[in-house]
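No value in this document is a laboratory result; all are computed from the given coordinates. Just so we're clear, the structure is a prediction, and the values are computed from it rather than from any experiment. Cβ sites come from the backbone with ideal geometry, for glycine too, and all protein chains shown count toward neighbours.
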Amino acid sequence: MRYTVITGASSGIGYESALAFAERGKNLILIARREHKLEDLKAEIRQHNAEIDVVVEPTDLSIMENVYAIYEKLKVYEIDTWINNAGFGVKSPVADQDLDKVENMILLNTQALTILSTLYVRDYTNVEGSQLINVASSGGYSILPNAVTYTATKFFVSSFTEGLAEELASKGASLQAKILAPGITETEFAKRALDTDKFDYKERMPNFHTAKEMAQFMLQLYDSDKTLGLVDEKTYEFELKDP
Ligand code: NDP
């Protein structure tokens, strides 16, 4: 039996992607810190499709020993798709940023993603149909004011994954590495980062995407031979291309 791993599955893009992959009949392994949210998602999926196996693994991925431990624990499963989606952003001018939060952000957005990508590549390079999808940001292609450290972590995700994709292709590997680069998407993260409780989302940003739409873009990227699924910052159009 083959599985899709989604980190950051307890809300937003990860949650909706889990539902979208479940609709495709994929067995799922769901990772995030909030266990009750993952259990709710599991129940929702199983209510619609009892055939699907859903494994819930509550884990804090900003702690590196947890990152190694969860990968080791999941070695009993055959995992044909690994989606590194968990991430968050600290919004502040650099001089004012909370360095403890920044450390957690860098560890989660870059270090955990690098470790999980590396371990997955080691084990799945030659597995037919295997995919690694890393979630960057359209901010990983242009700098966001007041969030430059967050943006830098997403530049890291983009360049690391792009380089990895080239490396795999040059080796003739079966595994494909891909980048999903969402634009502003209506999720808990965006609400926190943009203080959207204080203004009407739709009025200020009529073209923002919902997490459900982003999950459909994730599926389009999964189905495509292209390496990058990018939301254009100005037009909000989603396009598939090679970087
Ligand atoms: P959400 O806040 O809704 O989701 C983030 C997910 O990451 C949650 O499931 C959260 O679960 C999980 N997470 C956070 N910290 C940790 C941790 N330490 N260990 C394990 N899991 C963790 O935000 P989005 O859905 O918007 O974000 C998903 C990805 O999309 C992120 O990488 C983000 O940077 C990226 N992105 C989002 C954009 C947007 O506008 N929304 C735009 C561009 C990129 P829990 O709290 O339960 O641990």
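In the structure shown, the pairs Lys73/Lys241; Lys91/Lys154; Lys212/Lys234; Lys26/Lys75; Lys75/Lys226 are assessed against 25 Å; a Cα-Cα span above that value is assigned to Lys73/Lys241; Lys75/Lys226.
Backbone phi angles across region 30-36, fed through the Karplus curve with coefficients 6.51, -1.76 and 1.60 (θ = phi - 60°), yield HN-Hα couplings of 10, 10, 5, 7, 7, 4, 4 Hz in residue order; Gly and Pro are listed as x.
You can think of it this way: the chain between Glu237 and Lys212 has 7.5 nm of extra reach, that is 0.36 nm per residue less the Cα-Cα gap.
Amide hydrogen proximity for Ala86: with H placed 1.01 Å from N in the peptide plane, the residues at 5 or more positions away or on another chain lying under 5 Å are Thr7, Gly8. Alpha carbon centre of region 122-158 versus region 210-243: separation in Å? Centre-to-centre distance over Cα atoms comes out at 13 Å.
Fewest-first ordering of Met218, Met105, Met64 by other beta carbons within 10 Å of each residue's beta carbon gives Met64, Met105, Met218. Remark: spin-label model distance Asp53-Asp123 equals 1.4 nm, labels positioned 7 Å along the Cα→Cβ axis. Panel order for Lys178, Lys226, Lys75, by other beta carbons found within 10 Å of each beta carbon, from fewest to most: Lys75, Lys226, Lys178.
In percent, rounded to a whole number, the relative contact order of region 1-135 is 27, using alpha-carbon pairs under 8 Å and six or more apart. Rank Pro182, Pro93, Pro58 by mean-square fluctuation in a GNM of the chain with C-alpha springs under 10 angstrom and give only the top-ranked residue. Top of the fluctuation ranking is Pro93. Were the residues from Met64 through Arg24 laid out at 0.36 nm apart, the gain over their Cα-Cα distance would be 11.2 nm. Only DSSP H runs of four or more residues enter the estimate; each adds -39500 (n - 2.57), and after division by the residues of the chain the mean residue ellipticity at 222 nm equals -13000 deg cm²/dmol. Placing +1 on the Cβ of every Lys and Arg and -1 on the Cβ of every Asp and Glu, with no other charges, gives the chain a dipole of roughly 40 debye about its Cα centre. Here the chain is treated as a sphere whose radius is the Kirkwood value from Cα pairs; by Stokes-Einstein at 4 °C and 1.567 mPa s it diffuses with a coefficient of 72 µm²/s.
Of all the options Ser117, Ser159, Ser137, the one that moves most in a Gaussian network model of the chain with Cα springs shorter than 10 angstrom is Ser159. What residue among Asp232, Asp53, Asp40 has the largest mean-square fluctuation in a Gaussian network model of the chain, using Cα springs under 10 Å? In the Gaussian network model the winner is Asp40.
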